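Since the structure comes first, as structure tokens, the remarks are kept for the end.
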Amino acid sequence: MFKFIYQCSPLEKVFEEGIPSFDRYHKTSALLGEEVAFQIAMRTSENLLSPCELNISVESDLKDIEVCQVINMPVFVTAYSNEHDEGYLSEHPGHYPDLLKPVKNNTITASSAATSVLWVNVKIPADCKAGEHKVSVTLTEPLTKMSKTLTFTIDVIGAVLPKNKLPVTMWFHNDCIADVHGVGMLSEEHWALIEKYMQSAIESGISMIYTPLFTPPLDTAVGSERPTVQLVDVYKDGDKYTFSFEKLDRYVALAQKIGFEYFELSHLFTQWGAKHAPKIVAMENGEEKKIFGWDTDLHQPEYPAFLDALLPLLTAHLKELGIADKTYFHISDEPHLDMLEDYSYAHSLIAKHVEGFTIMDALSNYDFYKKGVVQLPVVATTAVEAFLDAGVDIFCYYCCDQRLNHVSNRMFAMPSPRNRMLAYQMFYNDVKGFLQWGFNFYYSQESKDKLNPFKSVDANKTFPAGDSFCVYPDPDGDKPWFSISGKVFLHSMQDLRAMQLLESLISRDAVNDILKSELDDLSFRNSTQPAYLVLRLREKINERIKAEIK
């Protein structure tokens, strides 16, 4: 029936033409409330019709199990030219495994000519009985009735995986949701989809939600604009402004219902230097008008006056909602050192109104912190050393530029262990949170074109595949489909939470000693590790948790 069939770990990327590099992933351990996965890679024998259908059945006392087929996606850009390190699976265009398409009707199509891969996702209930649980997957060829059963064992440890203590965000693009599904912005259909995408974000290990007070000025070509998505209604009467926070309240309540604890408010100035206001629309004389945008210079008095009217009311409202201590403000994304003067001025316009809140921005030059213009630097993983050496509390981030020096990232062309190593580096270096810019960015670079994410996974050949999104829209408008890159990131954040639990049982230093017993170098520039070592790191953490709770 099968030319070959292997069980392999979720850290294996199996290509259509490939054979798994190891077949020894038959068991793992997990905490209560955790999610684990394994893969089944196969080719049918050549005497079967090619392709042929296989029926799938799953037996287990664990009930929350989903089987997906791994789909290889067409990739043109794997990395930027030769500007990358050697820690890649390939630098060439081709088809790379990423999309996890839910199996429907318990049937898949397999072939003798190409490798087919199943991703079996298992969620451990919080009230699950501790001990070993087995998941058996049987594949049957309906004509010959020949079948093959594979069994995976999960040693469930009787301790609940805690919530992540640290904020984790991937920027949530509400306009992309509306556009890719063809619904009106902030229509009831859009709100229903926002809820489904929020649920997927929570299930991807994200705990902080990007919240568009006004249309986010992110990845937008100078002079152009993204579709209007604005949660604060503005009413303009001459030089006076009034505001309604009804949509903002709905967004916050929805996010809290789903499980978000942290909120980051959209940037109050344009990207790469804070030179202009974001697009803001208002009702004036009964007509909706754009009152600020690219034609609003930072130093013109109109926008500071607007902020003076808005921010005292907004901060008071956030306190009324009870989220002030978990809400973060942004000024401008990724300012460079030559933009320090403008950024500092923009900071002065904001800071006087947001005392008690935190201002955070993605910036990697230490001079911004030394000047006191950002309380919480969000630093690229390629630039964290200066901040860590100075003992500064930071978030870290990666994007398309973090492709050198063996830092962690989620690109399709990178091996999955490189994605999962992030948690161990964050814990060891005591980093306070994580940011990535693209949970669901379905536009081309600078938002010039809408894209079909099933046909373009690299932002129309501009970003390395994997950079701009980690979920795919369900064509039927149901909850988005996950990806290998997104699920491996979730597993990384689960590792982080397990380390936080163990820290509460022993100490941070003791946890770090366990990590150091397996890996001497836990800097951010040492992410290209073999899968077995990354899996062993987690097993060591689980073994110690199991010993401590006894």
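The values are calculated or read from the model by the stated rules, or taken from the named source; none is laboratory data. Note that the structure is predicted; figures quoted are calculated from it, not measured. Using ideal geometry, Cβ is built from the backbone for each residue, glycine included, and neighbour counts are taken over all protein chains shown.
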Could you check residue 455 against (1) surrounded by 15 or more Cβ atoms within 10 Å (Cβ to Cβ); (2) closer than 17 Å to residue 98 by Cα; (3) not aromatic (Phe, Trp, Tyr) and say which number it fails? (1)
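Here's the yes/no breakdown for (1) in contact with an Asp or Glu (Cβ under 8 Å, 6 or more places away or on another chain); (2) β-branched (Val, Ile, Thr):
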residue	(1), (2)
420	yes, no
423	yes, no
429	no, no
435	no, no
458	yes, no
462	no, yes
466	yes, no
476	no, no
494	yes, no
Would you pick out the residues in segment 261-275 that are under 28 Å from the mean Cα position of the chain (by Cα) and surrounded by 18 or more Cβ atoms within 10 Å (Cβ to Cβ)? 262, 263, 264, 265, 266, 267, 268, 269, 270, 271, 273, 274
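Residue by residue, here is whether (1) over 25 Å from residue 8 (Cβ atoms); (2) in the same structural domain as residue 36 (by TED's automatic domain parsing) holds:
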site: 470; (1), (2): no, no
site: 493; (1), (2): no, no
site: 498; (1), (2): no, no
site: 515; (1), (2): no, yes
site: 520; (1), (2): yes, yes
site: 530; (1), (2): no, yes
Count - residues of segment 428-460 that are touching a strand residue (DSSP E or B) at 6+ places or on another chain (Cβ under 7 Å) and outside any loop (DSSP other than H, G, I, E, B): 6
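Okay, residues lined up against (1) of a type in the set (A, V, I, L, M, F, W, C); (2) part of a helix (DSSP H, G or I); (3) in contact with a Lys or Arg (Cβ under 6 Å, 6 or more places away or on another chain):
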site: 183; (1), (2), (3): yes, no, no
site: 231; (1), (2), (3): yes, no, yes
site: 236; (1), (2), (3): no, no, no
site: 267; (1), (2), (3): no, no, no
site: 272; (1), (2), (3): yes, no, no
If we scan segment 280-292, do we find a residue that is closer than 20 Å to residue 173 by Cα, in contact (Cβ under 8 Å) with a residue 40 or more places away in the chain, in contact with a Ser or Thr (Cβ under 8 Å, 6 or more places away or on another chain) and not in a loop (DSSP other than H, G, I, E, B)? yes
In segment 246-260, how many are surrounded by fewer than 17 Cβ atoms within 10 Å (Cβ to Cβ) and part of a loop (DSSP other than H, G, I, E, B)? 1
Out of 177, 206, 194, report the one residue that is farther than 25 Å from residue 419 by Cβ, under 18 Å from the mean Cα position of the chain (by Cα) and either assigned to a helix (DSSP H, G or I) or among the β-branched types (Val, Ile, Thr) (or both). 194
Every residue from segment 371-416 that is in contact with a Ser or Thr (Cβ under 6 Å, 6 or more places away or on another chain) and among the β-branched types (Val, Ile, Thr): 373, 379, 407
Failed criterion for residue 168 (all others in (1) surrounded by 21 or more Cβ atoms within 10 Å (Cβ to Cβ); (2) over 30 Å from residue 265 (Cβ atoms) hold): (2)
Could you list, in sequence order, all residues of segment 1-50 that are outside any loop (DSSP other than H, G, I, E, B) and basic (Lys, Arg)? 3, 27, 43
Based on this model, can you work out whether residue 238 counts as free of Cβ contacts under 8 Å to residues at least 40 places away in the same chain and either on the phi > 0 side of the Ramachandran plot or surrounded by 22 or more Cβ atoms within 10 Å (Cβ to Cβ) (or both)? yes
Tell me whether segment 214-228 contains one or more residues that are in the same structural domain as residue 314 (by TED's automatic domain parsing) and not in a loop (DSSP other than H, G, I, E, B). no
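One line per residue, one yes/no per condition, for (1) buried (at least 23 other Cβ atoms within 10 Å of the Cβ); (2) more than 24 Å from residue 34 (Cβ to Cβ):
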position	(1), (2)
459	yes, yes
464	yes, yes
470	yes, no
476	no, yes
515	no, no
521	no, yes
535	no, no
542	no, no
548	no, no
Scanning segment 507-550 for residues that are free of Cβ contacts under 8 Å to residues at least 24 places away in the same chain and assigned to a loop (DSSP other than H, G, I, E, B), which turns out nearest to residue 430 (Cα to Cα)? 507
Considering only segment 330-348, how many residues are of a type in the set (A, V, I, L, M), farther than 21 Å from residue 435 by Cα and in contact (Cβ under 8 Å) with a residue 60 or more places away in the chain? 2
Can you find even one residue in segment 438-454 that is of a type in the set (Gly, Ala, Ser) and in contact (Cβ under 8 Å) with a residue 24 or more places away in the chain? yes
I need the full set of residues from segment 179-193 which are surrounded by fewer than 21 Cβ atoms within 10 Å (Cβ to Cβ) and not charged (D, E, K, R), in order please. 181, 182, 183, 184, 185, 186, 187, 190, 191, 192
Please tell me if residue 408 is crowded, with 20+ Cβ neighbours inside 10 Å, touching a residue at least 40 places away in the same chain (Cβ under 8 Å) and either under 23 Å from residue 363 (Cβ atoms) or not assigned by TED's automatic domain parsing to the domain that holds residue 180 (or both). yes
Which listed residue, of 284, 288, is over 20 Å from residue 227 (Cβ atoms), in contact with a strand residue (DSSP E or B) (Cβ under 6 Å, 6 or more places away or on another chain) and either surrounded by fewer than 19 Cβ atoms within 10 Å (Cβ to Cβ) or aromatic (Phe, Trp, Tyr) (or both): 284
